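Enquirer: Pasting a structure below so you can have a look.
The values are calculated or read from the model by the stated rules, or taken from the named source; none is laboratory data. Since this is a predicted model, take the numbers as computed values, not measurements. All Cβ positions, glycine included, derive from the backbone under ideal geometry; neighbour counts span all protein chains shown.
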Amino acid sequence: MTFLTNRNRANENASPGPRSDDGKARSSQNSLKNGLYSKSAILPDEDREEYLAHGVSFVVDLQPVGPTQCELMQVISDSMWRLRRVRALESNQTHRVSQIVIGNANSSLQMQEVNTLESIGRHEQRLQNGMLKASNN
């Protein structure tokens with residue numbers, strides 16, 4: 001274990017990462033693959049105006065009164081926004097799985113893609129549960 005630790009430290013010193021502000025900004029998005037675990041409800045490649053209109057539609061429909069209802073409305077709105085993203089990912093992943101199965105790809109690739117699809121489904125269920133809890137308050 002010590003050998004690996006020393007080698008990792010040597011690699012870390014040889015590659016300090018991005019130095020420019022632009023490089024650091026790009027690097028900060030490396031872990032953003034599908035947005036399922038993003039802190040922000042809206043992703044950089046999504047339409048901000050569409051997101052805002054989506055939120056306004058919830059304000060008009062639910063007419064929240066007070067900070068608690070406003071917060072719950074925001075949770076529901078953001079959950080619905082994320083569910084739209086999850087459903088698009090799920091659709092794309094289902095298509096990928098079917099293409100891999102049709103193409104008789106190796107079984108480890110098939111399992112990896114199926115596991116990804118199952119993970120998306122679990123995330124969808126968590127979002128739905130959170131939204132239901134917020135709407136029951």
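Enquirer: Of all residues in segment 120-136 being touching a residue at least 60 places away in the same chain (Cβ under 8 Å) and closer than 22 Å to Glu46 by Cβ, which is farthest from the chain's Cα centre (by Cα)?
Expert: This residue is Ala134.
Enquirer: Here's another thing I want to ask about it. Scan segment 92-109 for residues that are more than 15 Å from Gly35 (Cα to Cα) and either in a helix (DSSP H, G or I) or touching a residue at least 12 places away in the same chain (Cβ under 8 Å) (or both) and report the count.
Expert: Of the residues in segment 92-109, 12 are more than 15 Å from Gly35 (Cα to Cα) and either in a helix (DSSP H, G or I) or touching a residue at least 12 places away in the same chain (Cβ under 8 Å) (or both).
Enquirer: For segment 107-117, how many residues meet the condition of being modelled with pLDDT of 85 or more and surrounded by 11 or more Cβ atoms within 10 Å (Cβ to Cβ)?
Expert: Within segment 107-117, residues that are modelled with pLDDT of 85 or more and surrounded by 11 or more Cβ atoms within 10 Å (Cβ to Cβ) number 2.
Enquirer: Ok, one more. Could you please give the count of residues in segment 39-57 that are surrounded by 13 or more Cβ atoms within 10 Å (Cβ to Cβ) and either farther than 22 Å from Lys133 by Cα or out of contact with any Ser or Thr (no Cβ under 6 Å at 6 or more places or on another chain) (or both)?
Expert: Summing the residues that are surrounded by 13 or more Cβ atoms within 10 Å (Cβ to Cβ) and either farther than 22 Å from Lys133 by Cα or out of contact with any Ser or Thr (no Cβ under 6 Å at 6 or more places or on another chain) (or both) in segment 39-57 gives 6.
Enquirer: Step by step: first the residues of segment 51-66, then only those that are part of a helix (DSSP H, G or I) and farther than 15 Å from Arg84 by Cβ, then the one that is nearest to the chain's Cα centre (by Cα). Which residue is that?
Expert: Val56
Enquirer: State whether the residues of segment 47-70 include one that is touching a Leu at 6+ places or on another chain (Cβ under 6 Å) and closer than 20 Å to Glu124 by Cβ.
Expert: Within segment 47-70 (the criterion being touching a Leu at 6+ places or on another chain (Cβ under 6 Å) and closer than 20 Å to Glu124 by Cβ), the answer is no, since none of the residues qualifies.
Enquirer: Identify the residue in segment 58-91 that is of a type in the set (Gly, Ala, Ser) and without any contact (Cβ under 8 Å) to a residue 12 or more places away in the chain and, among all such residues, is surrounded by the fewest Cβ atoms within 10 Å (Cβ to Cβ).
Expert: Ranking the qualifying residues of segment 58-91, first place goes to Gly66.
Enquirer: Can you confirm whether segment 26-40 contains a residue that is in a helix (DSSP H, G or I), of a type in the set (A, V, I, L, M) and at pLDDT below 90?
Expert: For segment 26-40, residues in a helix (DSSP H, G or I), of a type in the set (A, V, I, L, M) and at pLDDT below 90: absent.
Enquirer: Next question. Can you tell me how many residues in segment 58-76 are under 17 Å from Gly130 (Cβ atoms) and either modelled with pLDDT of 95 or more or not hydrophobic (A, V, I, L, M, F, W, C) (or both)?
Expert: Number of matching residues: 4.
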